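Notes to accompany the following structure.
The values are calculated or read from the model by the stated rules, or taken from the named source; none is laboratory data. Note that the structure is predicted; figures quoted are calculated from it, not measured. Neighbour counts are summed over all protein chains in view; Cβ atoms, including those assigned to glycine, are modelled from backbone coordinates with ideal geometry. SASA here: full protein model, heavy atoms, side chains in, ligands and nucleic acids out. Shrake-Rupley method; radii C 1.70, N 1.55, O 1.52, S 1.80 Å.
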Amino acid sequence: MRLTRLTYRGVIILAYLVMLLPVFLLVLTSFFKDTIITFPPSGFSLEWYANAIDREEFLSGFFVSFKVAALATIIGVPLGMAAALALTRSAIRGKQAITTFLLGPIIVPGIVAGTALYLTFLLAQNQLDMDIVGTLPGLVAAHILLTIPWTVRVATAGLQGLDKSIEEAAANLGARPWTVFVRVTLPMMRPAIVAASMFSFIQSFENLELTLLLVGPGMSTLPIAMLNYLEFQIDPTLAAVATIQVVVIAAMMLITDRYVKLSRIV
């Protein structure tokens, strides 16, 4: 029994090392002084963080990514929550098929989904005689397809753990269906809503494959700006940008877990 427990803990520690070691090396690299990454480094410096902040393409890409992710989350999460609620509480037929359809965008490879959306947008442009590809509304619409599946996935897990008897008690006491939803169901769904919003925002903010074919001149997200920088420069600046992203996302997850306990949802 003791040997089994030690083996189990050893496997867990090894798994954490495999996952966290690349992140640790990335953060460490961002402080290297040398332009060409070598190990051991000749010294440490913060100049790559200053370079990342000073470059216009990174700041512009950050704001575009933030705007797109925020809009996609604001629109996609309510739609995903409504779908999850219908799939969990209603008696409609074909629930499994509908669930599979809604989760499709995260099952299909990103580059394939991006190509399909690009061709669809081109067809829509010709039919409607308006620009879609390379515009902010078009990019937001594409990213909503990322936020809905993540919301459905997280919200379904959260809704399955709710106690229906509380809603039934409120209805038996005379509360109307809308009142039950607003005052009983919705507050109980808050952890799932917060978790779905966080995961949706992160997935949209860091998406590259789907976005690559849909941006236009003068509009670049942060991942694309990083890819363009890597085409001409090889230095620890990208490690600095990635480290800032890791810190921001980790802070979001810690703050969210502090209030809603993500372990109950995912």
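A few points about this structure:
- Were the residues from LEU46 through LYS164 laid out at 0.36 nm apart, the gain over their Cα-Cα distance would be 37.1 nm.
- Simple spin-label estimate for LEU227 and GLN96 in nanometres, 7 Å along Cα-Cβ: 3.6
- Cα long-axis angle, helix 190-205 against the chain (0 to 90 degrees, to the nearest 10): 30
- For the range 9-65: span of alpha carbons on each principal axis (Å, largest first): 46, 34, 14
- Leading residue at positive end of dipole, the chain (Cβ point charges), from LEU102, PRO40, LEU71: LEU102
- One decimal place: the segment LEU26-ARG176 gains 48.6 nm when fully extended, by the rule 0.36 nm per residue minus the C-alpha distance.
- Each residue of the range 173-179 is assigned a 3J(HN,Hα), and the resulting list reads 7, x, 6, 6, x, 5, 5 Hz, derived from the Karplus form 6.51 cos²θ - 1.76 cosθ + 1.60 (θ = phi - 60°), x at Gly and Pro.
- Residue-wise HN-Hα coupling along the range 130-141, computed from phi with Karplus coefficients 6.51, -1.76, 1.60 (Hz; x: Gly, Pro): 8, 6, 10, 5, x, 10, 5, x, x, 5, 5, 4
- The gain in end-to-end length when the ALA82 to ILE37 segment is fully stretched comes to 11.3 nm, 0.36 nm per residue minus the alpha carbon separation.
- Taking amide H atoms as placed 1.01 Å from N in the peptide plane, the amide H of PHE32 lies under 5 Å from those of SER45, each 5 or more residues away in sequence or on another chain.
- Residue of LEU21, LEU139, LEU186 that the Gaussian network model of the chain assigns the largest fluctuation, springs spanning Cα pairs under 10 Å: LEU21
- Intensity falloff of the chain expressed as log10 I(q)/I(0), Debye formula with alpha-carbon point scatterers, at q = 0.07, 0.08, 0.12, 0.15 Å⁻¹: -0.35, -0.45, -0.91, -1.19
- Accessible area of the range 92-231 belonging to carbon and sulfur atoms, whole % at 1.4 Å probe: 64
- In order along the range 84-95, the phi-based Karplus estimate (6.51 cos²θ - 1.76 cosθ + 1.60, θ = phi - 60°) of 3J(HN,Hα) comes to 5, 5, 5, 5, 7, 9, 8, 10, 5, 7, x, 4 Hz; Gly and Pro are listed as x.
- Probing with 1.4 Å while keeping every protein chain in the model, the per residue accessible area of the range 83-211 equals 56 Å².
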